[in-house]
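Here, each number is a calculation from the coordinates, and none is a lab measurement. As the structure is a prediction and not an experimental result, all values here were calculated from the model. A quick note on method: Cβ atoms are made from the backbone with ideal geometry, for glycine too, and the neighbour counts reach across all protein chains shown.
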Amino acid sequence: MSSPARGSIFLEEARVLSHLAYDAEQFVLRVAAPRCAAHARPGSFAHLTCDAAIPMRRPLSIMRAHPAAGWVEFLYKVVGPGLHALAARKAGENVSVLGPIGRPFRAHRERPRPLLLGGGVGIPPMVFLAERLHLEPGVPWKPLVLMGSEVPFPFRTRPSTLLVPGIPAGTIACMPLLEEWGVPSRLASRSDFPGCFPGLVTELADAWLGSLGSAQLAELEIFSCGPTPMLAASTSLARRYGVPCQVSLEEFMACAVGGCAGCTVEVRTPDGPAMKRVCVDGPVFDAYTVF
C-alpha cells in the first residue's frame, strides 16, 4: 500500500533475509522490500517497526538497495530499547518497513570528483552513494570515501590497493566492498586501529583537500553524514576550500512522513529563515543553509 500523501513511500511487510552482528552492537540488516528497493536513493531512509510491543518506529538510513533482487540493507548501532528489540529479529521473520523517505543526495556531473564523508552511523548513505556513482554509466565519477569511527568498523578492514595521492602516509585501511567496486576509501579513528588515520575523519579530509590544486577543487563536491559536530566541521572545510557541500541531518522523529513536524530545523532560504522538516524536506540539505 502506498502513502496517500506521497506516492513514492510504501508500507511493506518485509521478510528478514539476513541479520549480521558486528562489534560494539552494530548490525547489518537485509530485508526483502521490493517497492522500497525500487525507489530508494542515496540519502533516503526507512521507518521500521522494531517489535510488536514497541509502537514507535525507528528511522534507519538505507545503506544499499538492489531493485532487481528487491532487497534493502541497513547498518545500525543499538541505542535504546527499540533497536535492542530490532537486533533480536532473525532471518525469516517479518519487519514492517515504511519507505523510502526523504530527499536524497544529488551528485552534479559538473563536479565529477565527489568527496564522501561518513562518521559512525553516518557511513550507510556514503556506501549507497558510492555504489550508485560506481554503477552510473557514462559519467567519469572519481569518488573518494572517507569514513571515521571510534568503535570497530562494521566490516573487516584491509590495506587498500588503490592509490590516493595526498592521503597521509600510513593511512591505508579501507572498506573491502568499496575496494571491490574500484572506489577508493580510507578510514580514520582516534582508537588506534591499524592502518587508520589517527584523528577525525574531517581532519583526514582536510589533509587530502590541502593537497589539491584549484582545477581539482573546481571539480569537487562534499557529501557528509554523521554527528552534528562532524557536519558542522564538513561545512567549515567546504567554505575554506570553496566547494559545494551537502549534509544529511539526523533528528528524532515520530511519524517520519511530515505530519507531526517534530523533526524541524531552521534553514536559511532566499526569503529568510524557515523551519524545515528533516524527514521529508531533508534529510539532505545544502550545508550552507544549515550551518
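Averaging the sequence gap over all C-alpha pairs within less than 8 Å and six or more residues apart, then dividing by the number of residues, gives the chain a relative contact order of 16 percent. If R0 is 41 Å, the Cβ-Cβ spacing of L11 and V164 corresponds to a FRET efficiency of close to 0.45.
Of [x] 53, 48, 37; [y] 65, 41, 35; [z] 76, 64, 36, which is the value of Cα extents along the principal axes in Å derived from the coordinates here? Computed from the coordinates, Cα extents along the principal axes in Å corresponds to [x]. If both residues of a DSSP beta bridge must be in the stretch 151-291, then about 70% of such bridges are antiparallel. Within the stretch 175-211, whose backbone N sits under 12 Å from a point 7 Å along Cα→Cβ of R240? What the label zone holds, given the 12 Å backbone N cut-off, is 202-211. Using a Gaussian network model of the chain in which every pair of alpha carbons under 10 angstrom is joined by a spring, one finds that among Q216, Q26, Q246 the greatest mean-square fluctuation is at Q216.
Charged neighbours of P125, selected by a Cβ distance under 14 Å, balance to +2 (K, R count +1; D, E count -1).
Protection proxy ranking, highest mean first, for peptides 130-136, 284-290, 144-150: 144-150, 284-290, 130-136, where packing is the per-residue count of other beta-carbon atoms within 10 Å, averaged.
By count of other Cβ within 10 Å, fewest leading, how are W71, W141 ordered? Don't skip to the answer; put the middle values down first.
Values: W71 20, W141 17.
Fewest-to-most ranking of W71, W141: W141, W71.
From the alpha carbon centroid of the stretch 19-58 to that of the stretch 125-145 is 22 Å. Each DSSP beta bridge with both residues in the chain is either parallel or antiparallel, and the antiparallel ones are about 70%.
Relative to the longest principal axis of the Cα atoms of the chain, helix 228-241 runs at roughly 40 degrees.
Judged by the mean number of other Cβ atoms found within 10 Å, the most tightly packed of the peptides 256-263, 116-123, 207-214, 234-241 leads the ranking 116-123, 234-241, 256-263, 207-214.
May I ask what percent, to the nearest 5, of DSSP beta bridges between residues of the stretch 208-291 are antiparallel?
On the way: 9 of 13 bridges.
The answer is about 70 percent antiparallel.
Once both labels are positioned 7 Å from their Cα atoms along Cα-to-Cβ, the gap between L217 and E150 label points is 3.1 nm. Measure nothing but the geometry: give the 0 to 90° angle between the long axis through the Cα atoms of 123-135 and the longest principal axis through the Cα atoms of the chain, rounded to 10°. Approximately 70 degrees, to the nearest ten.
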